[in-house]
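The values are calculated or read from the model by the stated rules, or taken from the named source; none is laboratory data. A quick note: this is a predicted structure, and the numbers were derived from the prediction, not measured. Cβ atoms come from the backbone with ideal geometry, glycine included; neighbour counts cover every protein chain shown. Side chains included, ligands, DNA and RNA excluded: accessible areas come from the protein's heavy atoms. Shrake-Rupley method; radii C 1.70, N 1.55, O 1.52, S 1.80 Å.
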Amino acid sequence: MAARSKVLPVPYFIQPDHTTCQATVLKMFAAYLQSGNAGAQVAVKGEIRKIKQTINEDPKRPQKKMKNAHENFRWWLQERFPQYEFERASFGLPWEAIDWIVRHIDDDFPVLTGVSHERVAGHIILIVGYRNYRPMTSSVDLEFIVHDPYGKFDPTLKSKQYGNRRNEGGMCAPAGGEIGPGQAVSLGANEVGRHKKNQPAMWYLLSARRKQQVYRL
């Protein structure tokens with residue numbers, strides 16, 4: 001079976017400081033959903049910091065016991081885009097996570113995911129596409145295309161362009177968003193999940209779907 005590939009035109013932004021990956025990814029997601037709004041394509045650093053404050057301090061947030069809770073990410077998006085349904089999912093099996101991600105990309109929605117690796121206990125990135133996906137087949141060359149607001153942060157990329165170097169070569173993109181080292185990098189399926197010591201890998205995902213229309217006879 002021939003491999004399939006698809007990449008969504010999601011704007012990329014560089015996080016303004018070391019603790020705003022979650023808010024920057026939410027800004028990317030929102031800017032993509034507002035693709036007809038030129039103002040949404042501008043990276044306003046104060047706005048990104050305000051997103052972080054809202055998801056962690058707003059009294060209306062659903063999860064008040066945990067910082068950077070994925071349920072608060074979902075709530076933030078749902079409040080701003082009621083025309084869509086935002087849904088979370090968690091998987092302990094890679095092929096289940098892969099199928100869920102591909103299905104949402106095929107429906108034209110990026111996928112927010114929590115990751116961890118030897119450099120970080122927790123981090124948020126946005127999956128914007130895939131390459132070499134073969135349904136019902138174990139694809140050794142499958143890649144996910146991700147926007148990492150912290151640069152080329154994953155160790156598998158063998159790059160030092162992250163952290164304080166995440167802005168190297170950065171500039172505003174003519175069509176909106178920014179250009180930076182963490183834009184559209186390729187990661188394997190294992191690299192878009194969480195890996196805690198002495199625990200099995202898990203995939204914590206968040207994306208959207210279109211609301212189903214109800215037809216009355």
For the stretch 174-217, the count of residues that are assigned to a loop (DSSP other than H, G, I, E, B), crowded, with 16+ Cβ neighbours inside 10 Å and modelled with pLDDT under 95 equals 3
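Could you check, for the stretch 156-175, whether at least one of its residues is among the small types (Gly, Ala, Ser), closer than 22 Å to Ile105 by Cα and touching a residue at least 40 places away in the same chain (Cβ under 8 Å)?
Yes.
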By residue number, the members of the stretch 154-173 that are part of a loop (DSSP other than H, G, I, E, B), open to solvent by less than 50 Å² (accessible area, probe 1.4 Å) and closer than 23 Å to Val44 by Cβ are Arg166, Gly170, Ala173
In the stretch 162-196, residues that are of a type in the set (S, T, N, Q) and under 14 Å from Gln15 (Cβ atoms) total 3
- Being among the β-branched types (Val, Ile, Thr), in a loop (DSSP other than H, G, I, E, B), farther than 22 Å from Ala208 by Cβ and over 16 Å from the mean Cα position of the chain (by Cα), is that true of even one residue in the stretch 8-29? no
Taking the stretch 13-45 and keeping residues of a type in the set (D, E, K, R) and modelled with pLDDT of 95 or more leaves Asp17, Lys27
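Taking the stretch 176-206, which residues are within 14 Å of Met28 (Cα to Cα) and among the hydrophobic types (A, V, I, L, M, F, W, C)? Before the answer, list the steps.
Restricting attention to the stretch 176-206, the residues satisfying the condition of being within 14 Å of Met28 (Cα to Cα) are 176-180, 182-184, 206.
Correct list: Ile179, Ala184, Leu206.
Residue under question is Lys6, and the condition is that it be open to solvent by less than 60 Å² (accessible area, probe 1.4 Å), modelled with pLDDT of 95 or more and of a type outside the set (Ser, Thr, Tyr); does it hold? Please lay out each step first, then the result.
Numbers: open to solvent by less than 60 Å² (accessible area, probe 1.4 Å): yes; modelled with pLDDT of 95 or more: yes; of a type outside the set (Ser, Thr, Tyr): yes.
Answer is yes for this residue.
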